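Trainee: Below you'll find the structure I mean.
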Amino acid sequence: MIDTAHSTAVLEDIQLEPQELQALIHRADTIFKAHFPQTVCFERAIFFSWGCTIGDCTFCYMSTQPKDKPPRETKRSSESILAEFIIAKQLGWDIGFFTGGIGVLKPDEQEQLLKTASEIIGEKIWLSVGPVAKPLLQKYLPYIKGVVGSTETINPELHKIVCPSKPLAPYERMFEAAKELNLKRAMTFIVGMGETHDDLKLLIDFIKKYQIHKIHIYSLIPQKGTMFENASIPTAEDQAWWIANLRIAFPELDIQCGIWEDRIAYLPLLLTSGANSFSKFRALNLFGTKLADDVEFQATLTGRSFVGTLTKLPDKTDENWNQEVDRLSLDQDMKEHIRVKLFQYLNQMRKNLNQKSQPKSEIKKQGMIDELHHP
């Protein structure tokens, strides 16, 4: 049971103004508590590439990549992707979606990765790879629970500016096809690109029209080399306003909020506003660090219990981890490649944990040793 007085204290600590916003968030929090368990989890979006065949969304990191590099050359190796799925499963992270640049993976490549990934996590996966035609959705049906439309914003004029080559219409067709196939539908919305509160009605109407099950509410990350490079970072209150209004409009909607390591302190307010879960934390790189400690602490300030972990590795021997690879329905050569990547990730995570437990003087000394060996 959540301590209501404690939740109110969280709001007061953030010094919300005006009072109308505080009342809005309190109402959203009450609705959330009536419809969901009092838990919070981290969602991991697993990427398969860092390039995109569109590459001109004016807010996106992928738009800053060298134009002379073919997007297919930005693919991650299959073994690194699958090793990450193993870690996510064992640490209790939800898989927000499997994603990457539009047009980077061929359908057969995508199908094989989806098949193995769903085998690893023991359930179907959300897929976010741009608009997907109905025949391909049918092909992926054994492995996907739903599709995510990277809609970004619903205002038609703003959408033309921020996603000039990624119109909404193909996503709308995908949502219709998904409905026919009994697949769930999710979408993304980024706060801070020029939307206004008047756009809320457009967003609500869109969610109703396509019977959206889940929405990812992010706030703009000003990327160097984009038109938003010098834009102001949205405040916690900016992001919370959208979350709270959607929670009130849709009591059972799954709402996921995106943070970043410079916005960890946003988390209590975003959860109190009605978000179910959070993402956009670099969990592999920052696992077991002070920042990861802070994320778990902030996430529980509202009284919710934290599901999974960003700070503790499971009590597994190397042999136990090897068994996770051995049980996969893959050839031995691929298993060996996955094993190598898995232990690369685990060794870095263990290193983070060891550094956190060392006195500062020992960490500095180890850093000097690392520099000598890896200039």
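Trainee: Give me the extension gain from D205 to R327: residue separation times 0.36 nm, minus the current Cα-Cα distance, reported in nm with one decimal.
Mentor: Numbers: separation 122, 0.36 × 122 = 43.92 nm, distance 4.56 nm.
That pair, D205 and R327, stretches by 39.4 nm at full extension.
Trainee: Round to the nearest 0.05 the FRET efficiency obtained for T30 and A265 when R0 = 22 Å and r is the Cβ-Cβ distance. Write out the running numbers ahead of the final one.
Mentor: Working: r = 23 Å, r/R0 = 1.05.
Once rounded, the FRET efficiency stands at 0.40.
Trainee: Please give, to one decimal in nm, the separation of the simple spin-label points placed at K312 and L21, each 7 Å out from Cα toward the Cβ.
Mentor: Each label point is offset 7 Å from its Cα along the Cβ direction, giving 3.6 nm.
Trainee: Shifting gears a bit: Hey, with R₀ at 41 Å, roughly what FRET efficiency would A249 and K134 work out to, going by the Cβ-Cβ distance, to 0.05? Numbers along the way, then the final one.
Mentor: Working: r = 29 Å, r/R0 = 0.71.
Efficiency, rounded to the nearest 0.05: 0.90.
Trainee: Give me the net charge of R27's neighbourhood, meaning all other residues with Cβ under 14 Å from the Cβ of R27; Lys, Arg count +1, Asp, Glu -1. It would help to have the intermediate numbers written out before the result.
Mentor: Numbers: positive: K33, R247; negative: E20, D29.
My count for the surroundings of R27 gives 0.
Trainee: Students often get this wrong, so try it: which of (i) 65, 47, 38; (ii) 94, 47, 35; (iii) 56, 52, 40 is Cα extents along the principal axes in Å as calculated from the structure shown?
Mentor: For Cα extents along the principal axes in Å, the calculated option is (iii).
Trainee: While we're looking at this one, here's another question. Top mean-square fluctuation among D331, D205, D254, Gaussian network model of the chain, C-alpha springs under 10 Å?
Mentor: D331
Trainee: Cut-off 13 Å, label point 7 angstrom out along Cα-to-Cβ of H197: give me the residues of the stretch 16-40 whose amide nitrogen falls inside.
Mentor: Backbone N within reach: 17-25.
Trainee: In the stretch 67-153, which trypsin sites (Lys or Arg not before Pro) fall in coil by DSSP and have 14 or fewer other Cβ atoms within 10 Å? Write down the numbers at each step before the final one.
Mentor: Working: sites: K67, R72, K75, R76, K89, K115, K124, K139, K145; in loops: K67, R76, K124.
For trypsin sites (Lys or Arg not before Pro) across the stretch 67-153 that sit outside H, G, I, E and B with at most 14 neighbouring Cβ atoms in 10 Å, the list reads K67.
Trainee: Percent antiparallel among DSSP beta bridges with both residues in the chain, to the nearest 5? Mind showing how you got there, number by number?
Mentor: Working: 1 of 33 bridges.
Given both bridge residues lie in the chain, the antiparallel proportion sits at roughly 5 percent.
Trainee: Place a +1 charge on the Cβ of each Lys and Arg in the chain and a -1 charge on the Cβ of each Asp and Glu, then give the dipole magnitude about the Cα centre in debye, rounded to the nearest 20. It would help to have the intermediate numbers written out before the result.
Mentor: On the way: 44 positive and 48 negative charges, 137 e Å.
Rounded to the nearest 20 debye, it is 660 debye.
Coordinate-derived values only; no laboratory data. Values in this document were obtained by computation on a predicted structure and should not be read as measured data. Neighbour counts are summed over all protein chains in view; Cβ atoms, including those assigned to glycine, are modelled from backbone coordinates with ideal geometry.
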